[in-house]
1. Since ARG681 meets every condition but one in (1) buried (at least 19 other Cβ atoms within 10 Å of the Cβ); (2) farther than 23 Å from ASP219 by Cα; (3) of a type in the set (D, E, K, R); (4) more than 16 Å from ligand 2 (Cβ to nearest atom), which condition does it not meet?
2. Cβ-Cβ below 6 Å, separation at least six or inter-chain, first residue in segment 489-516 and under 30 Å from GLN659 (Cβ atoms), second among the small types (Gly, Ala, Ser) and in a strand (DSSP E or B): which pairs?
3. Out of all the residues in segment 652-678, which are within 16 Å of ligand 2 (Cβ to nearest atom) and either free of Cβ contacts under 8 Å to residues at least 60 places away in the same chain or in contact with an Asp or Glu (Cβ under 9 Å, 6 or more places away or on another chain) (or both)?
4. Which of the following residues is small (Gly, Ala, Ser), more than 13 Å from PHE126 (Cβ to Cβ) and out of contact with any Lys or Arg (no Cβ under 9 Å at 6 or more places or on another chain): GLY166, GLY187, GLY179?
5. Give me the residue from segment 643-678 that is of a type outside the set (A, V, I, L, M, F, W, C) and within 16 Å of ligand 1 (Cβ to nearest atom) and, out of that set, surrounded by the most Cβ atoms within 10 Å (Cβ to Cβ).
6. Being within 15 Å of the chain's Cα centre (by Cα) and modelled with pLDDT under 95 is the filter here; which residues of segment 229-246 pass it?
7. Pull out all pairs, ordered by first then second residue, where Cβ-Cβ is under 9 Å, the residues are six or more apart or on different chains, the first lies in segment 547-565 and is outside any helix (DSSP H, G or I), and the second is β-branched (Val, Ile, Thr).
Amino acid sequence: MLDSLFKPKAVALIGASTKELSIGNVIIKNLQRYNFQGPIYPINPKAPDIRGIKAYPTIFDVPGDIDVAHIVIPPPMVPQAVEDCGKKGVKNVIINTAGFKEMGIEGEALQNDFVARGKNYGVRIFGPNCQGIINSDPQYNAYCDFTFTYPKPGYISIVAQSGGVGAVIMQNLFDLDVGMRMYASNGNACDISIPEIIQYWGNDDETRVILLYVESLDDPKYFMDVAYEVASKKPILAMNAGRTEVGAKAATSHTGGLAGGKATDLIFKKTGILAFSDAQEMCQAAVAFASQPIPKGNRVGMITNTGGPAIIATDELVEGGCEMPPLSDKAIVKLTETMFESASINNPIDVVATAGAPQFRSAVDVMMDEEQIDSVYINFVTPPFVDCEAVAHEFAEVSNQKRKPIVCNYMTDKAQWTGTTKILKDGGIPCYDFPGTAAKALISLCRYNALRSKEKGVVKQFNDCNKREVENIIGNAKTSGRKILSALEVYSILDAYKIPSAGWKIASDSQSAVDAAEEIGYPVVIKADSSEIIHKSDVGAVAVNLKNKDEVFAKADEMMNKFSVKDLNFFVQKFHPGGRELIIGAKAETNLGHLIMFGMGGIYVEILKDVSFELAPVTDVEAEEMLSSIKMTKLLKGYRGEKGIYREAVIEIVERLSQLVTENPSLKELDLNPLLAFEDRIIVVDARISI
Ligand code: ADP
Ligand code: MG
């Protein structure tokens, strides 16, 4: 329960300052300006008062109980301050001061010190290196933060690891004239964590939408548990930075956590959190989420009183995966009665510029009644010759019925059409300045519906896998201090989990390579296998399509001369010409499990990076989705006479690989590249595993 943090009855500030331009002064100013409903206790050993409020030399001199104490003094003094707060019985401290874990070893030691003291006294710690919290509830008006936006009460709560991004999001909502419920930016998050905050807001009825910004998740498993639970109650919209490799590095050095990267987006998807890559788009979507119902499908009905913006919006909506189905005969009959003669009765309905309240109302009612329409997009320019307030009243009335979501591209001069603007706002109609922006917000609502209503599928459990054998192989490699497994070990692991590979044999010299080839049957492939050779074909360590013993002997001999490595062996394989090259891989993520990757293999991985990811354990539905979400997916199904590949077998390999890494967590990275895919079989011809 974070009630005492977000609903403080009294706030103290250790390090309060008379200097206007200091955090120790600004926090007091913010509390005053936001009309904090409880007493404020500035702590300062010298000043008798700060900003007109009586100050106290120490926290022990404060007469009343304290729910929240800010600490803004230099790092070395922070552990003692936390201890003092403990003795005083302060419930929470917000440590705004920076210079702890994010700064290296010394800072981390200080942080560990005050975390321990906090635990000892049962003081919850928010931060350090953070902004703080805001609660706009008029009962509290708690502005325990040093930022500058003073939001009106509302239904959107924001939690951001970075105060900078949090402030941008809060200010953007403010600019959109949309209220906010609560705010939290907890920086290093040494005690009170983002999942804990999300869980708290999950139970806060006034929070209808949660906005989240993260750079790294310290405890992804805990986050996932909370996200599953809260996302089933209310929409969580999230943005994760550090997607690119360069970005990921920047994130690590920024808050000293782990790099978010791909894993975080997969966690969002798996737990039903709607992901955004653009903060502004997320804010604009939040406005719609806060007042509109979630559509039941992606079919949009459009109403417009101007041509061009409707065309732009249609493009955007269709590109974003929405449909704009034609209207039913019944609807057309109805609209023929109510619309002006020059109106275009279709989807979009162009009510024309002279349309007033009766025409707009009829159009909106028809869209609400249409069974094949899930949401309504309104393009509304305010003609000076129309009673726009009357029109807005109709929109507001229909919106209040909450039957289907409405978004509005509202084109006007807000300084002149103040009445109309206010009616739309009070009616809870999300209004946007551009057709594309309104369309994107509606697309987000549709995306959310698709995400939440998606079938999850089941994780298939294969009972024919030999886990013991894999454990033995890994155990042996560990004992001998090896991190990269040999070809023999790799293929034995694949065999143990019934992942089909090309028939193979290991040979130690040219003659035994020939013997192996004779047994396998021509044509064959031989590969030089050594711990020192990583990318075999780059160095001429792969010879394909060898048709007889002479060719095998000659190639093996050539490789023996070329590679003067101690542990050289030959890996002899059946040659399988003509398949499509695929890649399936896995990568362990700290404190999370494995990511599974699927994509076009061979050179395509490097050039096109046409791959998709999922988090293990992968369900059957997710495995299928991995195949259908790459760009070249059509190619897999067969195209213009070319045969498709054996899809079910690929899906099963993805599922078996997912089981393999889930049951054997010490497998670190694994590449099956390529798998050769044919119409009737899938065969792994190259694989690498590190532990
Ligand atoms: P590396 O990735 O280390 O260079 P591979 O074993 O993947 O070596 O071989 C390189 C390429 O040779 C593969 O991408 C594939 O095109 C081809 N190849 C390898 N083994 C076979 C095989 N058994 N049948 C057909 N083609 C093969
Ligand atoms: Mg390869």
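The values are calculated or read from the model by the stated rules, or taken from the named source; none is laboratory data. Bear in mind the structure is a predicted one, so any value in this text is a computation, not a measurement. Because the Cβ atoms are built from the backbone with ideal geometry, glycine has one as well, and the counts that use them run over all protein chains shown.
1. Among (1) buried (at least 19 other Cβ atoms within 10 Å of the Cβ); (2) farther than 23 Å from ASP219 by Cα; (3) of a type in the set (D, E, K, R); (4) more than 16 Å from ligand 2 (Cβ to nearest atom), ARG681 violates only (1).
2. Cβ pairs passing all conditions: VAL490/ALA687; TYR491/SER501; LEU494/SER501.
3. ASP671, LEU672, ASN673, PRO674, LEU675, LEU676, ALA677
4. Details: GLY187 fails: more than 13 Å from PHE126 (Cβ to Cβ); GLY179 fails: out of contact with any Lys or Arg (no Cβ under 9 Å at 6 or more places or on another chain).
Result of the check over GLY166, GLY187, GLY179: GLY166.
5. Step one: filter segment 643-678 for residues of a type outside the set (A, V, I, L, M, F, W, C), giving 643-644, 646-648, 652, 655-656, 658-659, 662-666, 668-669, 671, 673-674.
Still in the list and also within 16 Å of ligand 1 (Cβ to nearest atom): 669, 671, 673-674.
Numbers: GLU669: 17, ASP671: 19, ASN673: 20, PRO674: 23.
Result: PRO674.
6. Hits for segment 229-246 are MET239, ASN240, ALA241, GLY242, ARG243, THR244.
7. The qualifying pairs are LYS547/VAL524; PHE563/ILE533; PHE563/VAL539; VAL565/ILE533.
Table: residues versus (1) crowded, with 20+ Cβ neighbours inside 10 Å; (2) aromatic (Phe, Trp, Tyr); (3) not assigned by TED's automatic domain parsing to the domain that holds GLN284.
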site: GLY99; (1), (2), (3): no, no, yes
site: GLY107; (1), (2), (3): no, no, yes
site: ASP113; (1), (2), (3): no, no, yes
site: GLY118; (1), (2), (3): yes, no, yes
site: TYR121; (1), (2), (3): no, yes, yes
site: ASP137; (1), (2), (3): no, no, yes
site: ASN141; (1), (2), (3): no, no, yes
site: GLY154; (1), (2), (3): yes, no, no
site: SER157; (1), (2), (3): yes, no, no
